[in-house]
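Enquirer: The structure is given below, and queries will be raised subsequently.
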Amino acid sequence: MKFGFFDDLNKEYVITTPETPYPWINYLGSQAFFSLISNTAGGYSFYKDAKLRRITRFRYNNVPLDLGGGRYYYLYDNGDFWSPGFAPAKKELEYYECRHGMGYTKITGRRNGIETKITFFVPLDYNGEVHKVSIVNTSNQVKNVKLFSFLEWCLWNAQEDSTNFQRNFSTGEVEVKGSVIYHKTEYKERRDHYAFFSVNAPISGFDSDRESFLGTYHGFDNPQVVARGESNNSVADGWSPIASHCVEISLQPKESKELVFILGYAENKLEEKWEYQVGEVDTDGLLLSSVAPNGTNVINKKKAEEMIAKYATVKAVDQALLELKDYWDKLLSKYNVKSHDDKLNRMVNIWNQYQCMVTFNLSRSASYFESGIGRGMGFRDSNQDLLGFVHQIPDRARERIIDLASTQLPDGGAYHQYQPLTKKGNDEIGGNFNDDPLWLILAVTAYIKETGDYDILEVNTPYDNKLELAKPLSDHLKRAFNHVIENLGPHGLPLIGRADWNDCLNLNCFSMDPGESFQTVTSKDGKVAESVMIAGMFTYIGEEYAILMDKVGNNEESIRAMKEVENMRDVIMKHGYDGSWFLRAYDDFGRKIGSDECEEGKIFIESQGFCVMGKCGLNDGKAQKALDSVEKRLGTKFGLVLNNPAFTRYYVEYGEISTYPAGYKENAGIFCHNNAWIMCAEAVIGRGDKAFDYYTKIAPAYTEEYSEIHRLEPYVYAQMVAGKDARRFGEAKNSWLTGTASWNFVAISQYILGIKPEYDGLMIDPAIPTDWEVYQITREFRGDRYDITIVNPYHVSKGVKKLVVDAKEVEGNIIPVFGDGLEHKVKVILG
Ligand code: BGC
Ligand code: NOJ
């Protein structure tokens, strides 16, 4: 069953009912100001950092679902009131539609002959959310309605905001000036920053105190001010500050009016010192604010006034919307496929790339499953996210690489996470996830292949954010590579540390004391658990490092690295393969994990993917055998489960993985992230049919058909779908912020459709279903455009028989870099 449809022409998903199986959200903003917005306008906004600069309040895990806060509108018409986005009033609408597009959301709702369409977006280079509200009187009578706006301010630090009430209830400060409501509560540092909510029309009333607006015992569904049709003009003093305007609108039959609301954020930095300024600078270089003689906080409103003036007219707003559209059209045109399969086209050309931008921006911080206060930027996560984003805005990828590498530790390991605002490694979480450093190498090689910018290797980059420890980025890669081989276990396989990619496989972290948490207790033994997955990653990514060293002329290092990689392949085949598939690990006692010998968890997906991508067992059929085992043991109609059989009880020596009920999350859930590794592995061994079949099992455009089972947004990937052992088999959780986005983009764009950036050009190496006849790709690469037609007359999966570039045949399968900024016609014949 579907709850909407794709409008590919407009690059939108159109939701036709407010009661989707779960809130289906979108993201606004892609630079510094971000918002989450659901299909009924729930969600919140923040500036740069969802924890430290939260602008509006949102209650996670609230009841009813998605009524934890939003930018809400209410229409009041002669004793009746409703919300055009359905929530929060939840009065029946004659018509409802939500269009989630690229960086904007449009919600339309009609009742009593009044149709209201609200377009929400964050303009480019703008620290605010703009709402264009269009109201049409579709009836034959004159209508005198009142429009009430509403949002609730968060007191900046979202964690404090939801915990420290003894303080918060006394700090709230607002100021109302004309049609602008300023939120100027200060956080402890007394920064000179503020948020505002404005409308470009005179208001007949306002409210800024929540209780006055709602009534002490009423909710967002029934605010007393709206029910009465009359604002209280309340000025918040402590408690919970909000912003609500009331605009009176008179409409002749068929007449329409348009308004512009702006939710903005402004901060005054030291150089913007102004006359009231008496403060000092806080840790972020922001001015501490000044305090007026009566003890109230004085803010410099100049920035807000400029921001409001910029979008004072609907014309300016429409222009900004066009610019946003143009921006996205350009970004998305860098990789474009035309095939016989509409679902494939819309995934590749629109939604997968869009999700890659969102994951690049937000890592694992803020979604409807990540609270914005739990996690910031992940080292492994962000490096992987970059793989699906680097072709879009390489400069931002470059900056991110340096940020990430700056948190690397001098021993080559890495802080597992950092907070986006401070960009400093998170001490509480620390490091010791031994896969982390390798992802940096993968990100850097992907960046250089995309851009040809070898200079990045020379950038002097701190370790542990300490400038005095700075070394060229190439040194970071070397230490990352060495970190693996300097930490080998008894079988010569890499030590796993706290965990590798699978955060929940905690083989050194056990305690026999049931009172203790598995995450904080370390092994009482030697911590010698080893990871075959890291070994596989090392053969794949270590070789990338060796090739890069060769490219930059460091032959000695390249040869050394290659030797280590080949050695690791031998070790894997000797100690890491058992029966018909790759083992997953050895635990701290030297026992096999992911072996037929095990009672449960006999086979795991991760090592199969990476060992094959790392060319282990390619020549003796073992790779193929491992992938056959994957299909047989892990395959389901909704995708591949992570391990099998699922753990049915808690095993202290396995850690968190066995704490999940069978079929959920890392315990035999369908982890969409690593399904992509199997697609890549199948492509490596040339089985395009299987690779593509796995692709279609989890790609949202294909799962849209059964949205009632899947339940999450049919336009973006979720991290996990409940596996075959789960009662809710096929149901997804944790949409949006997942490495699934970038890896599936890598799998489809590079491994299956086969357009791979390489140091010396674009490699053409498809692995497609044999029944495909032809498809076309346009790819922007280092300033040139390639228009590539791939034909498959012999119905093969893999193998380039002929490559013709600009009417000239080229040897091999690499399209050279021309660097002339022109379009080049490429014809590829498979066979
Ligand atoms: C989840 C993992 C996640 C980790 C983050 C675990 O509870 O199962 O998927 O990576 O938390 O800390
Ligand atoms: C989600 C985390 O963000 C990611 O880093 C991890 O690899 C997977 N879960 C698997 O545990």
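A short reminder: the numbers here are calculations on the coordinates, not readings from a lab. Computed from a predicted model, the values in this text were never measured in an experiment. When we count neighbours, we look across all protein chains shown, and the Cβ atoms used for this are built from the backbone with ideal geometry, even at glycine.
Enquirer: Using Cα atoms only, what is the angle between the long axis of helix 532-551 and the major principal axis of the chain, expressed in degrees (0 to 90) to the nearest 10?
Expert: That helix lies at roughly 90 degrees to the long axis.
Enquirer: Could I ask something else about it? Around residue 142, what is the net charge, scoring Lys/Arg as +1 and Asp/Glu as -1 over all other residues with Cβ under 15 Å from its Cβ?
Expert: Once positives and negatives cancel, what remains is +1.
Enquirer: Lys and Arg at +1, Asp and Glu at -1: add these up for the other residues within a Cβ distance under 13 Å of residue 577 and post the number. Spell out each step's value before the answer.
Expert: Details: positive: 569, 574, 584, 592, 622, 625; negative: 570, 578, 596, 620.
Net charge in that neighbourhood comes out at +2.
Enquirer: Now, a different point. Using only alpha carbon pairs under 8 Å that are at least six residues apart, calculate the relative contact order of the chain and give it in whole percent. Mind dumping the intermediate values first?
Expert: Values: 2053 pairs, mean separation 73.6, N = 831.
Averaging sequence separation for qualifying contacts and normalising by length gives 9 percent for the chain.
Enquirer: Residue 120: net charge of surrounding residues, Cβ under 13 Å, Lys/Arg +1, Asp/Glu -1, itself excluded?
Expert: Details: positive: 71, 99, 106, 117, 132; negative: 129.
Neighbour charge sum, excluding residue 120 itself: +4.
Enquirer: Along the Cα→Cβ direction, 7 angstrom out, place labels at residue 9 and residue 693. What is the inter-label distance in nm?
Expert: About 3.7 nm separates the two model spin labels.
Enquirer: Still on this structure, please answer the following. Expressed as a rounded percentage, what relative contact order does the range 597-735 have, with Cα pairs under 8 Å and six or more residues apart?
Expert: 23 percent
Enquirer: Please report, in whole Å, how far the alpha carbons of the range 539-680 spread along each principal axis, starting with the longest.
Expert: 52, 35, 27
Enquirer: Contact order normalised by length for the range 79-132, with contacts defined as Cα pairs under 8 Å and 6 or more residues apart; what percent is it?
Expert: Value for the range 79-132: 25 percent.
Enquirer: I need the phi-derived Karplus couplings for the range 621-632: 6.51 cos²θ - 1.76 cosθ + 1.60, θ = phi - 60°, integer Hz, Gly and Pro marked x.
Expert: x, 6, 4, 4, 4, 4, 6, 5, 5, 4, 4, 5
Enquirer: Please state the charge dipole magnitude for the chain, taken about the Cα centre, from unit charges on C-beta atoms (+1 on K and R, -1 on D and E), reported in debye and rounded to the nearest 20.
Expert: Details: 93 positive and 115 negative charges, 263 e Å.
Magnitude of the dipole: close to 1260 debye.
Enquirer: State the volume of the convex hull built on the alpha-carbon positions of the range 1-45, expressed per residue in Å³ and rounded to an integer.
Expert: Taking the convex hull of the Cα positions in the range 1-45, it is 77 Å³ per residue.
Enquirer: Label-point separation (nm) for residue 142 and residue 125, each offset 7 Å from Cα along Cα-to-Cβ?
Expert: The two pseudo-label positions are separated by 4.6 nm.
Enquirer: Taking amide H atoms as placed 1.01 Å from N in the peptide plane, list the residues 5 or more away in sequence, or in a different chain, whose amide H sits under 5 Å from that of residue 4.
Expert: For residue 4, whose amide H was placed from the backbone, the distant partners under 5 Å are 16.
Enquirer: Moving on to the next point. Evaluate the Debye formula for the range 49-88 with equal point scatterers sitting on the alpha carbons, no solvent, and hand back log10 of I(q)/I(0) at q = 0.24, 0.35 Å⁻¹, in q order, two decimals.
Expert: With one equal scatterer per Cα and no solvent, log10 I(q)/I(0) is -0.86, -1.11.
Enquirer: If you plug each phi of the range 243-250 into the Karplus form 6.51 cos²θ - 1.76 cosθ + 1.60 with θ = phi - 60°, what whole-Hz ³J(HN,Hα) values come out, in order, with x for Gly and Pro?
Expert: In residue order, the calculated couplings are 9, 9, 9, 10, 10, 8, 10, 10 Hz.
Enquirer: Out of every Cα pair in the chain, what percent are spaced more than 55 Å from each other?
Expert: Details: 43678 of 344865 pairs.
More than 55 Å apart: 13 percent of the Cα pairs in the chain.
Enquirer: Also, quick follow-up: Assuming R0 = 35 Å, can you tell me the calculated FRET efficiency for the pair residue 428 and residue 589, based on Cβ-Cβ distance, to the nearest 0.05?
Expert: Details: r = 29 Å, r/R0 = 0.84.
With R0 = 35 Å, the Cβ-Cβ based efficiency is 0.75.
Enquirer: Another question, if that's okay. Listing 749, 204, 134, 365 from the residue with the fewest other Cβ atoms within 10 Å to the one with the most, what is the order?
Expert: 204, 134, 749, 365
Enquirer: Working from Cα positions, state the angle (0 to 90°, nearest 10) between the long axis of helix 688-698 and the longest principal axis of the chain.
Expert: In the chain, helix 688-698 runs at an angle near 30 degrees to the longest axis.
Enquirer: Something else now. Whole-Hz Karplus ³J(HN,Hα) for the range 348-362, in order, using 6.51 cos²θ - 1.76 cosθ + 1.60 and θ = phi - 60°, x for Gly and Pro?
Expert: Here the 3J(HN,Hα) series is 5, 7, 10, 6, 5, 5, 4, 5, 4, 4, 5, 5, 4, 5, 10 Hz.
Enquirer: Hey, what angle do you get for helix 473-485 against the long axis of the chain, alpha-carbon based, 0 to 90 degrees rounded to 10?
Expert: Rounded to the nearest ten degrees, it is 60.
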